[in-house]
Amino acid sequence: MTTVDLAVIGTALVDGELRPAVVTVADGRVVAVEAPGTPVEATEVVTLREDEVLLPGLVDTHVHVNEPGRTEWEGFSSATRAAAAGGVTTIIDMPLNSIPPTVDLAALDTKRAVAAEQCHVDVGFWGGAVPSSLGSLRSLADGGVFGFKCFLVDSGVPEFPPLDDVQLERAVAEVAALDALLIVHAEDPGVLAAAPTCSGSSYAGFVDSRPPEAEDVAIARLLDLAMKHEARVHVLHLSSAGSLTRLREARAAGVRVSVETCPHYLTLGAEEVQDGHTEFKCCPPIRDAANREALWDALSGGVIDCVVSDHSPSTTDLKLLDTGDFGAAWGGVSSLQLGLPLVWSAARERGVTLETVVAWMSGGPAALAGLPRKGAIAAGRDADLVVFAPDERFVVEPEQLYHRHRVTPYAARTLSGRVRTVWCRGRLVVRDGIVSGSPHGHLLWKGSP
């Protein structure tokens, strides 16, 4: 009998169901998933407790790491520690908020050089589609980015400008020719310009300044272009339920569109956000409870494909917690470490199974990015494994978060589900909820082994 590096014995999520199994690992990959009681010889044998299950590592395709250039906001070391603590074993870094933004091959090389030897989990990169990079996206595609992100409105940072209508069509056509993926922050600048201006501490005023129609108009335009050019497009951080019918119809018509939403849109409601609490500010905004429930229905119905964090941190001072000015505060929610317990806590209240949640947060994002070795526990896959206690409850304490800045709208919230142990490619990263050891995450590129 061949000796493997690791054997995990207990209830595991395999082929979409939780069942007793023996999972064996060697050289960073799953060797086999055997029936319970199968004899194994392993350097280390881990037997799960009765309250634990073994899950595939989560994949988060929407993370703003911000390094280099704005490492004081976040960085590869802190972001990947937070990811690991939350059971996320793969992240794909967004091309903006770092300086330089990832809009050309030189910037991609710079980012990879900075990330090397800092990462506790595996890390890949999106490229940026900005006016200056149009016509030269192939070099980034050849360099291994997983696709291209664009904004249709002000991104919040001047070095990553938005695309206008003509430029958007150019981008859609260019990614179609590459058979690449365009991921889009879809809000319409005309609708936003006509909306009330936001200033001051009123959360209702902030929501009025980013109406759902801004998303609906932009998404409709994107879908029309995707159909015209037979392009693959992805709608980022959907918050407006008003677009769901149009998205459903587009899919039925053969448009190659996928959709994500985020934990904050699924677990929070505008009604609970108090004026001045800018830790809740994000763009698009958290909308009302009825809208939230429509997003849950769309997830269950397959209109929305995956749930990812849109982890968008900044320094604490940029959140303007002292003045509570929603008009001027940085828009972004940091939830990389908390995504799984957040979504699982809300899902179980709605009768949604843990198996389904993991499909949204692991298999779905892995498929989106094209990561065939991620997203499942199966022979030949990377041994990205998470020991999760679904019934353990805990209170969110900001000082226990690994994010560089511990501003969170979830402080003092009681959640279900504790990440206890994490292996990334068979290497122990988290034990008893604590990230330990030196960073050994791999840098990923499209088509990488």
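Odds and ends about this structure:
- Two-decimal ratio, the stretch 208-337, of alpha-carbon radius of gyration to 2.2 N^0.38 Å: 1.11
- Most mobile listed residue (Val396, Val175, Val59) in the chain, GNM with C-alpha springs under 10 Å: Val396
- Cross-link partners of Lys111 among lysines (Cα-Cα below 18 Å; sequence separation of 8 or more within a chain): Lys149, Lys446
- Long-range amide H partners of Arg425 with built H, under 5 Å: Ala383, Asp384, Leu385
- Shape category assigned to the stretch 262-327 from the gyration tensor of Cα positions, a/c cut at 1.5: oblate
- Assuming charge only on the beta carbon of Lys and Arg (+1) and of Asp and Glu (-1), the dipole of the stretch 235-352 about its Cα centre is about 560 debye to the nearest 20.
- The angle between the Cα long axis of helix 165-178 and the main principal axis of the chain comes to about 30°, on a 0 to 90 degree scale.
- Sorting 276-283, 41-48, 129-136 by their mean Cβ neighbour count within 10 Å, with the most densely packed peptide first, gives 276-283, 129-136, 41-48.
- For the chain, the Rg and Dmax computed from alpha carbons only, in angstrom: 21.0, 70
- Scattering from the stretch 114-206 was approximated by placing one identical point on each alpha carbon and applying the Debye formula without solvent; log10 I(q)/I(0) at 0.12, 0.24, 0.25, 0.26 1/Å stands at -0.50, -1.19, -1.26, -1.33.
- Neighbours of Pro95, meaning other residues whose beta-carbon lies under 9 angstrom from its beta-carbon, give a summed charge of +1 when Lys and Arg score +1 and Asp and Glu score -1.
- Gaussian network model of the chain, Cα within-10 Å springs - most flexible of Val157, Val429, Val172: Val157
- Relative to one another, the C-alpha centroids of the stretch 382-404 and the stretch 290-352 are positioned 16 Å apart.
- When DSSP beta bridges are restricted to pairs lying wholly in the chain, around 50% turn out antiparallel.
- Shape category assigned to the stretch 1-74 from the gyration tensor of Cα positions, a/c cut at 1.5: prolate
- CD proxy at 222 nm, helix term only [per DSSP H run n ≥ 4: -39500 (n - 2.57); per residue of the chain; nearest 500]: -7500 deg cm²/dmol
- Anisotropy class of the stretch 37-135 from Cα gyration tensor, a/c 1.5 cut: prolate
- Compactness of the stretch 152-270, expressed as Rg and Dmax over alpha-carbon positions, Å: 14.9, 46
- Angle in degrees between helix 289-300 and the longest Cα principal axis of the chain, rounded to the nearest 10: 50
Where a number appears in this text, it was derived from the coordinates with a stated rule and is not lab data. Just so we're clear, the structure is a prediction, and the values are computed from it rather than from any experiment. Positions of Cβ are backbone-derived with ideal geometry, glycine not excepted, and every protein chain shown enters the neighbour counts.
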